[in-house]
Amino acid sequence: MTDGPWCVVGLGNPGPKYAGNRHNAGQMVLDELAARCGVRFATHRTQTVTAEARLGLGPGGVPGPRVVLAKTQSYMNTSGGPVKALAGYFDVPPERLVVVHDELDIPFGDVRLKLGGGEGGHNGLRDISRAFGTKDYLRVRVGVGRPPGRMDTADYVLKDFGTTERKELPFLLDTAADAVEMLVTQGLLAAQGKFHAPA
């Protein structure tokens, strides 16, 4: 069980039109992870783009675990099929699946981690839970905050980050990438202990 790879999936919508949207925060984190590992994404038969690497450092400075970094190429609402196919192809069970996604219920700039639980109205997560028949997979939740005023939630997540947010965005993506690394190298409780602590 411990010898198999992890699968880290960033959710979003495909194509340049959506690339800078809040809803694509998960895929932005995957770009950061791939850059750290010095790997490039390539098209995979599972309607994803993938890159294989070792992520982070384990105890004593040894290379971290094998991971498949992946970005879905379907639309957000149909993420389940590609993620299930990817996990099946690489023989990754739900407990080694990490889904990185935008989260409205967390303030912009914060990152939280959890195993299972509700989807909070996130259609990408809902479709993944449906495809796997379980909610028990790991999530790295990238805070994008709530829409201002009466702006519709769907409109908000399909807009690019604001000017002020864009200045802070590299720090958020870096923090989220750190959280993914710590999750796969040291486990959920250790990562929660660090990233859920007050600044």
What distance in nm lies between label points placed 7 Å from Cα along the C-beta direction at D160 and Y89?
3.1 nm
Students often get this wrong, so check it: of K17/K71; K71/K135; K17/K114; K135/K159; K84/K194, which have C-alpha atoms separated by over 25 Å?
K17/K114; K135/K159; K84/K194
Rounded Å value of the spacing that divides the Cα centres of the range 135-199 and the range 60-94
19 Å
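So for the range 24-132, averaging the separation of alpha carbon pairs under 8 Å that are six or more residues apart and normalising by length, what relative contact order in percent results? Before the final figure, lay out each step's value.
On the way: 126 pairs, mean separation 28.6, N = 109.
Over the range 24-132, the number comes to 26 percent.
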Working note, the chain: Cα radius of gyration (Å, one decimal) and Dmax (Å, whole number) are 15.6, 51
Mean Kyte-Doolittle of at least -0.5 and a Cα length of 30 Å or more along the axis: which whole DSSP H helices of the chain meet both?
163-186
T50, T153, ranked by accessible area, largest first (probe 1.4 Å)
T153, T50
Each label sits 7 Å from Cα toward the beta-carbon; between R130 and R45 the label points are separated, in nm, by 2.6 nm
Let me check the size of the range 109-199 from its C-alpha atoms; what are the radius of gyration and Dmax in Å?
14.6, 41
Grab the DSSP H runs of the chain that are 4 residues or longer, score each as -39,500 (n - 2.57), total them, divide by all residues and round the 222 nm result to the nearest 500 deg cm²/dmol.
-11000 deg cm²/dmol
Which percentage, to the nearest 5, of the DSSP beta bridges contained in the chain is antiparallel?
55 percent
Cβ neighbours within 10 Å, averaged per peptide: list 56-64, 120-128 in order, most packed at the top.
120-128, 56-64
Provide the gained length on full extension for the span D152 to T78, in nm with one decimal, where the gain is 0.36 nm per separating residue minus the Cα-Cα distance.
24.5 nm
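The values are calculated or read from the model by the stated rules, or taken from the named source; none is laboratory data. Note that the structure is a prediction, hence the values are computed from the model and not measured. Here the Cβ is made from the backbone with ideal geometry for all residues, glycine too, and neighbour counts use every protein chain on show. Each accessible area value is taken on the protein alone, full model and side chains, heavy atoms only, with ligands, DNA and RNA left out. Shrake-Rupley method; radii C 1.70, N 1.55, O 1.52, S 1.80 Å.
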